[in-house]
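Here is the structure we will look at, set down as structure tokens.
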Amino acid sequence: MKWYRVPDVEPNGQPFIKKIKPDGKNICLVGYEGEIFALSARCPHAGEDLSRGWCKEGKLVCPIHRFSYDLETGRGSTGQNDYVNTFPVKIKNNEVYVGINSFWGKIKSLFKREEMDYDD
Ligand code: FES
């Protein structure tokens with residue numbers, strides 16, 4: 001996994017929603033109730049930019065048809081049967097980082113899982 005520093009965001013507990021593009025990915029960075037979350041910025045329903053939405057009860061709400069996604073898990077609300085990808089966030093030296101698994105990183109992790117299966 002590669003960690004990307006997010007410029008212009010301070011972990012100061014203030015609420016915010018911001019679109020970032022580490023490694024060419026469209027990610028919605030959300031400050032909510034003192035924590036920071038990172039989710040895919042593309043709404044799986046019809047492609048709206050989720051960074052134009054708002055937060056309510058621990059969920060990111062899409063501004064077009066009001067589908068909502070859990071900030072921690074990315075899971076869509078009941079009845080939606082969809083989800084958005086989430087990304088790990090860490091704070092180091094008062095700077096915010098988002099973790100992205102590259103294509104090759106994902107391939108490597110698949111092989112690691114297979115190796116673990118053989119060990120069982
Ligand atoms: S485009 Fe997001 S809910 Fe429809």
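The values are calculated or read from the model by the stated rules, or taken from the named source; none is laboratory data. Everything numeric in this text was worked out from a predicted model, so none of it was measured. So basically every Cβ, Gly included, is an ideal-geometry build from the backbone, and we count neighbours across all protein chains shown. Side chains included, ligands, DNA and RNA excluded: accessible areas come from the protein's heavy atoms. Shrake-Rupley method; radii C 1.70, N 1.55, O 1.52, S 1.80 Å.
With I91, I64, I17 as the choices, which residue is touching a helix residue (DSSP H, G or I) at 6+ places or on another chain (Cβ under 6 Å) and not in a helix (DSSP H, G or I)?
That would be I17, the only listed residue that is touching a helix residue (DSSP H, G or I) at 6+ places or on another chain (Cβ under 6 Å) and not in a helix (DSSP H, G or I).
Report yes if some residue within region 18-28 is of a type in the set (A, V, I, L, M, F, W, C) and within 14 Å of the ligand (Cβ to nearest atom); otherwise report no.
Yes; the residues of region 18-28 include at least one that is of a type in the set (A, V, I, L, M, F, W, C) and within 14 Å of the ligand (Cβ to nearest atom).
Looking at region 59-70, is at least one residue modelled with pLDDT of 95 or more, under 28 Å from L110 (Cβ atoms) and in contact with a strand residue (DSSP E or B) (Cβ under 7 Å, 6 or more places away or on another chain)? Please lay out each step first, then the result.
In the first step, residues of region 59-70 are kept if they are modelled with pLDDT of 95 or more; the result is 59-70.
The next check asks that each one be under 28 Å from L110 (Cβ atoms); those that pass are 69-70.
Now narrow it down to the ones that are in contact with a strand residue (DSSP E or B) (Cβ under 7 Å, 6 or more places away or on another chain): 69-70.
Checked against the condition, which is being modelled with pLDDT of 95 or more, under 28 Å from L110 (Cβ atoms) and in contact with a strand residue (DSSP E or B) (Cβ under 7 Å, 6 or more places away or on another chain), region 59-70 yields at least one hit.
For region 19-30, how many residues are buried (at least 16 other Cβ atoms within 10 Å of the Cβ) and either at pLDDT below 95 or over 30 Å from L110 (Cβ atoms) (or both)?
Of the residues in that region, 2 qualify.
Scanning region 95-107 for residues that are touching an Asp or Glu at 6+ places or on another chain (Cβ under 9 Å) and not hydrophobic (A, V, I, L, M, F, W, C), which turns out nearest to the ligand (Cβ to nearest atom)?
Ranking the qualifying residues of region 95-107, first place goes to S102.
Residues in region 76-94: is at least one open to solvent by 40 Å² or more (accessible area, probe 1.4 Å), aliphatic (A, V, I, L, M), within 22 Å of V6 (Cα to Cα) and away from the ligand (no atom under 16 Å from the Cβ)?
Yes, region 76-94 contains a residue that is open to solvent by 40 Å² or more (accessible area, probe 1.4 Å), aliphatic (A, V, I, L, M), within 22 Å of V6 (Cα to Cα) and away from the ligand (no atom under 16 Å from the Cβ).
I want to confirm something. Restricting to region 29-41 and keeping residues that are over 10 Å from the mean Cα position of the chain (by Cα) and not in a loop (DSSP other than H, G, I, E, B), which single residue is nearest to the ligand (Cβ to nearest atom)? Reasoning before the result, please.
Initial filter on region 29-41 (over 10 Å from the mean Cα position of the chain (by Cα)): 31-35.
Then drop every residue that is not not in a loop (DSSP other than H, G, I, E, B), which leaves 31-32, 35.
Values: G31: 21, Y32: 18, E35: 23 Å.
For region 29-41, the residue satisfying everything is Y32.
Considering only residues that are touching a Pro at 6+ places or on another chain (Cβ under 8 Å), farther than 15 Å from G99 by Cβ and open to solvent by less than 50 Å² (accessible area, probe 1.4 Å), which ones fall in region 31-49?
Listed by number, the residues that qualify are G31, Y32, E48.
When I107 is evaluated against the numbered criteria (1) in contact with a helix residue (DSSP H, G or I) (Cβ under 7 Å, 6 or more places away or on another chain); (2) exposed (fewer than 12 other Cβ atoms within 10 Å of the Cβ); (3) not aromatic (F, W, Y), which criterion, by number, is the only one it fails?
All conditions are met except number (1).
Can you tell me how many residues in region 42-54 are touching a residue at least 24 places away in the same chain (Cβ under 8 Å), within 12 Å of the ligand (Cβ to nearest atom) and outside any helix (DSSP H, G or I)?
Number satisfying all stated conditions: 6.
Cβ-Cβ under 9 Å, sequence separation 6+ or interchain: first residue in region 55-74 and more than 14 Å from the ligand (Cβ to nearest atom), partner open to solvent by 70 Å² or more (accessible area, probe 1.4 Å) and modelled with pLDDT of 95 or more. Which pairs?
Qualifying pairs under 9 Å: C55/P15; C55/E33; G58/E33; G58/E72; D70/Y83; L71/E35; E72/E35; T73/Y83.
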